[in-house]
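Participant: First, the structure itself, so that you have it in front of you.
The values are calculated or read from the model by the stated rules, or taken from the named source; none is laboratory data. These numbers were taken from a predicted model, which means no experiment stands behind them. Every residue, glycine as well, gets a Cβ built from its backbone with ideal geometry; the counts of neighbours run over all protein chains shown. Surface accessibility is based on the protein's heavy atoms, side chains included, excluding ligands, DNA and RNA. Shrake-Rupley method; radii C 1.70, N 1.55, O 1.52, S 1.80 Å.
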Amino acid sequence: MKTAAIASNEDLALRRRIDALGPWFQNLRIGGVETAPDHFLGDYPAFKYARFRDAIPADLTGKTVLDIGCNAGFYAIEMKRRGAAEVVGIDSDERYLAQARFAAEVEGLSDIRFEQLSVYDVARLGRRFDLVIFMGVLYHLRHPLLALDLIRTHVAGDMLLFQTMQQGSPDVLQVPEDHPFHVPGTIRPPGYFDNPAYPKMHFIERSFAHDWTNWWAPNAACAQAMLRAAGFTIEAQPEEEVCLCRVAPVPFGDLMGSAAVYPAREEPV
């Protein structure tokens, strides 16, 4: 049995290692020590996860999971604890990946694989996953619908757990299948474009909450419409910003071919 002094020394050593990898955006409990106990959002993301955790299958035995924008690995670790056979976390920030690898190692889950990869490059993984987690990423992207198209085309095999920051109306307007150019019998444009519940994407030119990477803020109708347009059907909405989706046919996919586009990588001459 460890003495209190030994346990305290181990906690201090762990605290020093955690601080050396900081700052942390996710408040994880690594070996019982919190990584961001003074987080401005509180116990994040644990408090948010508690609101929708029951929507995810409790037993992921034999399933494969991809966590896109995994940050320090909170959701990747939670899915591994649910018995997932394989978990891969990707992020474009190597510092977050170092945090994630450290957290998984201390928690005895070192078989989680973490790779530095952008959402725009998910095709490089060369496979599909039973569950794709895409939370807290969409609004940081300059090309959000492209990201959803790439996920649907290359890595989504069954379920998608999605979340994005939303602004504007929480209501969802039922829009027609085909929009008329004018109100019938007039030259006036349809009024529903001015309805706050019509799907709208707010563009943030400068910064939002002191973060220049916050580019987009859809309203609820827009977030849901983008998921459907990319080829996902929403099965549950356990929290106002969170949707659990299934892969579905891509609307007009037979007419447009692949929804995803692939810009040239070569530098301009």
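Participant: Hey, could you pull the Cα Rg and Dmax for segment 3-71, both in Å?
Facilitator: Computed over the Cα atoms of segment 3-71, radius of gyration and Dmax are 15.4, 42 Å.
Participant: Report ³J(HN,Hα) in whole Hz for each residue of segment 163-180, in order, from the Karplus equation J = 6.51 cos²θ - 1.76 cosθ + 1.60 where θ = phi - 60°; Gly and Pro get x.
Facilitator: Each residue of segment 163-180 in turn: 8, 9, 4, 10, 9, x, 5, x, 7, 10, 7, 7, 9, x, 5, 9, 7, x Hz.
Participant: Separate question: Scan the chain and report its longest stretch carrying no chymotrypsin sites (Phe, Trp or Tyr not before Pro) that are both in a DSSP loop and have at most 12 other Cβ atoms within 10 Å.
Facilitator: The answer is 41-180.
Participant: Let me ask something additional. Can you compute 3J(HN,Hα) from phi for each residue in segment 114-129, using the Karplus curve 6.51 cos²θ - 1.76 cosθ + 1.60 with θ = phi - 60°, rounded to whole Hz and x for Gly and Pro?
Facilitator: Working through the residues one at a time gives 10, 9, 7, 7, 7, 4, 6, 10, 5, 4, 5, 5, x, 6, 10, 10 Hz.
Participant: Let me ask something additional. So with the 1.4 Å probe, I'd like the accessible area per residue for the chain, rounded to whole Å².
Facilitator: 54
Participant: In debye to the nearest 20, how big a dipole does the chain give about its Cα centre with +1 on each Lys and Arg Cβ and -1 on each Asp and Glu Cβ?
Facilitator: That gives the chain a dipole magnitude of about 220 debye.
Participant: Kindly express, to the nearest 10 degrees and within the range 0 to 90, the angle between helix 144-154's C-alpha long axis and the longest C-alpha principal axis of the chain.
Facilitator: 70
Participant: Can you say what percent of the DSSP beta bridges in segment 94-233, counting only those with both residues inside, are antiparallel? Round to 5.
Facilitator: 40
Participant: As I understand it, the dipole of the chain uses +1 on the Cβ of Lys and Arg and -1 on the Cβ of Asp and Glu, about the Cα centre. Which of Gly83, Gln166, Ile151 lies farthest toward its positive end?
Facilitator: Towards the positive end, the residue furthest out is Gly83.
Participant: Heavy atoms only, probe 1.4 Å: what % of the accessible area of the chain goes to carbon and sulfur, would you let me know?
Facilitator: Accessible surface attributable to carbon and sulfur in the chain totals 55 percent.
Participant: Provide, in order from the shortest bin, the percent of all Cα-Cα pairs of the chain in each 5 Å bin, continuing until the bin that contains the maximum pair distance.
Facilitator: The distribution over the chain is 1, 5, 11, 15, 17, 16, 12, 9, 6, 4, 2, 1, 1, 0, 0, 0, 0, given as percents.
Participant: Give the separation of the Cα centroids, segment 172-236 to segment 72-101, in Å.
Facilitator: 32
Participant: How far is helix 220-230 tilted off the main Cα axis of the chain, in degrees rounded to 10, range 0 to 90?
Facilitator: 90
Participant: Mind grabbing the accessible area of Val172 for me, 1.4 Å probe, Å², rounded to tens?
Facilitator: Its accessible surface works out to 60 Å², give or take rounding.
Participant: Given Cβ point charges of +1 (Lys, Arg) and -1 (Asp, Glu) and nothing else, what value in debye, to the nearest 20, does the dipole of segment 185-269 about its Cα centre take?
Facilitator: 280
Participant: Rounded to the nearest 10 degrees, what's the angle between the helix 94-106 long axis and the longest principal axis of the chain, both from Cα atoms, 0 to 90?
Facilitator: 50
Participant: Rounded to the nearest 500, what is the 222 nm mean residue ellipticity of the chain from helices alone, with -39500 (n - 2.57) per DSSP H run of 4+ residues and division by all residues?
Facilitator: My calculation for the chain gives -8000 deg cm²/dmol from helical runs alone.
Participant: Turning to a different aspect of this structure: What is the projected area of the convex hull of the Cα atoms of segment 159-243, averaged over all directions, in nm²?
Facilitator: 7.1
Participant: Positive end of the charge dipole of the chain (Lys, Arg +1 and Asp, Glu -1 on Cβ, about the Cα centre): tell me which of Met226, Val122, His179 has its Cα farthest that way.
Facilitator: Most positive-ward Cα: Val122.
Participant: Here is a follow-up. Taking the Cβ-Cβ separation of Ser258 and Asp54 as r and a Förster radius of 35 Å, what is the calculated FRET efficiency to the nearest 0.05?
Facilitator: 0.50
Participant: If you put +1 on each Lys and Arg Cβ and -1 on each Asp and Glu Cβ, how big is the dipole of segment 15-144 around its Cα centre, in Debye rounded to 20?
Facilitator: Once rounded to the nearest 20, the dipole reads 100 debye.
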